[in-house]
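Q: Below is one structure. I have some questions about it.
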Amino acid sequence: MKCHLCGVKEAVVYQLHTSKALCRDCFINDILKRVELEIKKYNLIKSNERVLLAISGGKDSFTLLDVMSKIHSSSKLIALTLIEGIEGYNRADVLDFMKSKTRELGIDHIVLTLKEAVGASVDEFVKNMVLKNIKIPPCTYCGIARRRAINKVAREQGVDKVATAHVLDDEAQTYVMNILRGDTMRLVQVHPKGPWLSKLFIRKVKPLRKIYERETALYAYFHGYKFQERECPYITHIPTLRARVRDYLYRLELEKPGSLLRLVELLDEALSDYVKKYYELPELPHCKMCGEPTSYNREICKFCELLMSVGLIK
Ligand code: FES
Ligand code: ZN
């Protein structure tokens with residue numbers, strides 16, 4: 001079958017949400033165009049801005065790196081990989097592959113352990129938690145510590161934006177979860193024009209937020225990425241809200257391809273005026289211990305609270 005877009009080359013991909021068969025080149029161009037469109041639509045990144053790319057080494061972050069190198073000047077990009085410090089999870093072969101990719105693209109690449117960046121690895125946190133006989137999901141520390149580390153490096157590097165590799169599937173899940181929880185504060189933060197609550201936070205953007213995960217898998221594969229994602233040993237098999245929402249949305253997408261895209265587009269549109277209400281909120285207060293921003297109702301930030309609870313700071 002010939003490609004539905006160029007009509008010349010053989011189609012190798014069936015794009016479910018448009019019912020089109022595409023050749024490799026048209027598939028890649030389509031992704032690049034859609035990312036550029038999203039960036040332009042919400043003015044996510046200006047052409048002169050310096051951007052830190054948070055790349056874990058998975059297919060989504062590989063795609064982010066490759067796409068950004070094609071649509072933004074490489075000299076204005078810096079890559080950051082954080083090593084969580086989870087025995088058996090952080091793979092040296094994936095890191096080497098990402099390092100050779102950034103070298104090939106001429107992008108500076110910072111590799112840091114979570115311990116170097118914020119003081120404690122995930123394993124260290126868990127070990128102390130077990131000693132104190134308390135239960136906190138390791139993901140809670142992992143997520144908060146990673147966000148803190150990324151923001152810290154972004155500030156040190158003086159970049160204008162931080163780009164993460166969240167894809168459409170993540171955005172749809174996060175939107176739905178926040179609706180189900182009735183959490184409007186978090187809901188507006190999913191929106192590309194969500195409020196900026198502290199000058200100490202470097203603005204985050206998600207260039208791949210309209211690209212399906214199945215598309216990043218193909219994009220990465222077409223560019224030589226060949227790794228199987230390894231499961232984190234701390235992953236919980238108790239169905240979390242995200243896991244349940246993910247399953248439900250996937251079934252919906254299977255029955256009606258394009259559902260996730262329509263859901264995110266509709267919510268973006270519907271919330272575009274609503275998010276502005278949050279622009280008037282005051283700047284977030286600062287944590288009494290570390291000086292970083294904390295929630296309105298907290299004196300000590302969640303990160304310091306977590307470290308204190310396991311005895312890693314006093
Ligand atoms: Fe949560 Fe690894 S720490 S999945
Ligand atoms: Zn703090």
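The values are calculated or read from the model by the stated rules, or taken from the named source; none is laboratory data. Predicted model, so just to flag it, every value in this text is computed and none were measured. Every residue, glycine as well, gets a Cβ built from its backbone with ideal geometry; the counts of neighbours run over all protein chains shown.
Q: So which residues in region 190-246 are basic (Lys, Arg), more than 24 Å from residue 77 (Cα to Cα), in contact with a helix residue (DSSP H, G or I) (Cβ under 8 Å, 6 or more places away or on another chain) and modelled with pLDDT of 95 or more, if there are any at all?
A: Residue satisfying the conditions is 246 alone.
Q: Here is a follow-up. For residue 135, indicate whether it is without any contact (Cβ under 8 Å) to a residue 60 or more places away in the chain and over 23 Å from residue 238 (Cα atoms).
A: So residue 135 fails the test.
Q: Just name the residue that is farthest from residue 200 (Cα to Cα) out of those in region 121-174 that are among the basic types (Lys, Arg) and surrounded by fewer than 17 Cβ atoms within 10 Å (Cβ to Cβ).
A: Within region 121-174, the first condition is being among the basic types (Lys, Arg), and the residues that meet it are 127, 132, 135, 146-148, 152, 155, 161.
Filter once more, so that each one left must be surrounded by fewer than 17 Cβ atoms within 10 Å (Cβ to Cβ): 127, 132, 135, 152, 155.
Numbers: 127: 31, 132: 33, 135: 30, 152: 9, 155: 8 Å.
Only one residue tops the list, namely 132.
Q: When only residues in region 288-299 that are more than 6 Å from ligand 2 (Cβ to nearest atom) and in a loop (DSSP other than H, G, I, E, B) count, which is surrounded by the most Cβ atoms within 10 Å (Cβ to Cβ)?
A: Step one: filter region 288-299 for residues more than 6 Å from ligand 2 (Cβ to nearest atom), giving 288, 291, 293-299.
Subset that is in a loop (DSSP other than H, G, I, E, B): 288, 291, 294-299.
On the way: 288: 12, 291: 11, 294: 22, 295: 13, 296: 10, 297: 6, 298: 15, 299: 13.
Among those residues, the one meeting the criterion is 294.
Q: For region 95-114, does any single residue satisfy the condition of being part of a helix (DSSP H, G or I), under 30 Å from residue 304 (Cβ atoms) and in contact with a helix residue (DSSP H, G or I) (Cβ under 7 Å, 6 or more places away or on another chain)?
A: Initial filter on region 95-114 (part of a helix (DSSP H, G or I)): 95-105, 114.
The next check asks that each one be under 30 Å from residue 304 (Cβ atoms); those that pass are 95, 114.
If we keep only those that are in contact with a helix residue (DSSP H, G or I) (Cβ under 7 Å, 6 or more places away or on another chain) as well, we get 114.
Yes.
Q: Restricting attention to region 153-162, does a residue exist that is within 16 Å of ligand 1 (Cβ to nearest atom) and in contact with an Asp or Glu (Cβ under 6 Å, 6 or more places away or on another chain)? Break it down stepwise before answering.
A: Of the residues in region 153-162, the ones within 16 Å of ligand 1 (Cβ to nearest atom) are none.
For region 153-162, residues within 16 Å of ligand 1 (Cβ to nearest atom) and in contact with an Asp or Glu (Cβ under 6 Å, 6 or more places away or on another chain): absent.
Q: Residue by residue through region 130-155, note down the ones that are over 20 Å from the mean Cα position of the chain (by Cα) and either of a type in the set (A, V, I, L, M) or under 24 Å from residue 199 (Cα atoms) (or both).
A: Listed by number, the residues that qualify are 130, 131, 134, 136.
Q: Determine if region 141-149 includes at least one residue that is more than 24 Å from residue 314 (Cα to Cα), in contact (Cβ under 8 Å) with a residue 12 or more places away in the chain and in a helix (DSSP H, G or I).
A: Of the residues in region 141-149, the ones more than 24 Å from residue 314 (Cα to Cα) are none.
No, because not a single residue in region 141-149 is more than 24 Å from residue 314 (Cα to Cα), in contact (Cβ under 8 Å) with a residue 12 or more places away in the chain and in a helix (DSSP H, G or I).
Q: Going by the conditions given, is residue 9 free of Cβ contacts under 8 Å to residues at least 12 places away in the same chain and either surrounded by fewer than 17 Cβ atoms within 10 Å (Cβ to Cβ) or aliphatic (A, V, I, L, M) (or both)?
A: no
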